[in-house]
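Every read-out reported here was derived from the displayed coordinates using simple, explicitly stated rules and does not represent laboratory data. The structure presented is a predicted model; accordingly, all values stated were derived computationally and were not measured. Note: ideal-geometry Cβ built from the backbone for every residue, glycine included; neighbour counts use all protein chains shown.
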Amino acid sequence: MKRMLSGIKPTGQLHLGNYIGALRHFVEYQDEYEMFAFIANLHCITVPQDPKELQKNLRDCVALYLACGLDPAKANIFLQTDVRAHAQLGYIMCCHTYMGELNRMTQFKDKMAKGETNLSGGLYTYPSLMAADILLYDPDYVPVGEDQKQHVELTRDLAIRMNNRYGTLFKVPEPLVAKVGARIMSLSDPSRKMSKSDETNKGCIYLLDDLKAARKKVMSAVTDNCARVHFDPVSQPGISNLMQIMSSLSDDRPMGDIEAEFEGKGYGDFKRSVADCVCGTLEKIQTRYQEVLDSGEIDAALESGAARASVIADEKLAAVQKAIGMEIILK
Ligand code: AQP
């Protein structure tokens, strides 16, 4: 069975972009692949966190994994820090990453360009940790949204570099980016990605948003004055973003089909339908989320997921340390 790995860093509440770009695919793939879905708590602390809020976000993230349909009997769900090999291989990968490579990573580059100060060393080196997260499990594929493709490219480069230097240690993974929904944009500014760190809170629909609030966000989404529902992300980014959301939440409905349904109709009608799709999805997720919280499912899932993941990760770490010459072999 081919293997797949992906993670989410709950630096805040998970949103519709996380669901459409990542989570729903994890659920689709869990039947076909051996799936590793982790919660990237080490990546969370690359930016300052309030401990109580972080704890809540981590628990909510696991609950949402389960509420969105991940099944612990099929997928290995675990907390990154519960598998110690992540941090250890992360350090080793960091020692094999060039500063020039880290300087090119967009997240750090963007924050530097904005003049943000007091950025942590962890934020600078996290792409190396992300490479370790992936390479520990020799996955064939890494399903990600468009924004994370650059990290998988770096992971591939590092795997090839280490394989050349020490003999084959890692499988070189492929990024898997969906054709539709890989980059859901902010509803209030369709030139920016929908993000947990949305300061205005208007452009981001959180999976746990109150349904009325979610509907209001869709109804006030920024559009244009072209007065036609047409898929063209360059000249109609707001409408195209709403179309992507609608298509992704209705079994990847073709754009032509959506265009035909709303031909000659106003943006109000279209937005109401998008809001129905969004609220229908959120309602299902939220109902199941409550059930999960009221049950013992979270702890059980994390325990079994970490146990299974540790076996594979520890073995890989030992092989890497041995190949590098870091271990003393007793005579
Ligand atoms: N807007 C998006 N559209 C499609 N996919 C997205 N993903 C994130 N935002 C979108 C995908 O979700 C997975 C988990 O991402 P993450 O939460 O670990 O990191 P991120 O991409 O940095 O998410 P945010 O919301 O933008 O976080 P902040 O604001 O903290 O930086 C990934 O597969 C990602 O591609």
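Quick notes on this one:
- Using the Cα coordinates of the chain, the gyration tensor eigenvalues translate into equivalent-ellipsoid semi-axes of 36, 22, 19 Å, sorted from longest to shortest.
- Distant-in-sequence amide H partners of residue 15 (H built 1.01 Å from N, under 5 Å): 207
- Alpha-carbon centroids, segment 267-301 and segment 175-252: separation in whole Å: 17
- Our summary gives the chain a relative contact order of 22 percent, counting only alpha carbon pairs under 8 angstrom and 6 or more residues apart.
- Across the cross-link table entries 2/149; 74/212; 217/284; 111/179, which are compared at the Cα atoms, the separations over 23 Å belong to 74/212; 111/179.
- Among beta bridges that DSSP assigns inside the chain, antiparallel share in %, nearest 5: 10
- Estimated FRET transfer efficiency (residue 106, residue 295; beta-carbon r; R0 41 Å; 0.05): 0.55
- Gain on full stretching of the segment that runs from residue 113 to residue 174 - 0.36 nm per residue minus C-alpha separation: 19.0 nm
- Inter-site label distance for residue 95 and residue 191 at 7 Å from Cα along Cβ, in nm: 4.5
- Residues of segment 61-96 with an amide N closer than 19 Å to a point placed 7 Å from the Cα of residue 55 along the Cα-to-Cβ direction: 61-64, 79-82.
- Each eigenvalue of the Cα gyration tensor of segment 211-290, multiplied by 5 and square-rooted, gives one semi-axis; in descending order these are 23, 14, 10 Å.
- Subtracting the Cα-Cα distance of residue 164 and residue 283 from 0.36 nm times their residue separation leaves 37.8 nm of extension gain.
- Near residue 203, once Lys and Arg are set to +1 and Asp and Glu to -1 for all other residues with Cβ below 14 Å from its Cβ, the sum equals +3.
- Taken one residue at a time, the phi angles of segment 141-148 give Karplus couplings (6.51, -1.76, 1.60, θ = phi - 60°) of 10, 10, x, 9, x, 3, 5, 9 Hz. Gly and Pro are set to x.
- Note on residue 216 and residue 31: with the Förster distance fixed at 35 Å, the Cβ-Cβ geometry gives a FRET efficiency of about 0.45.
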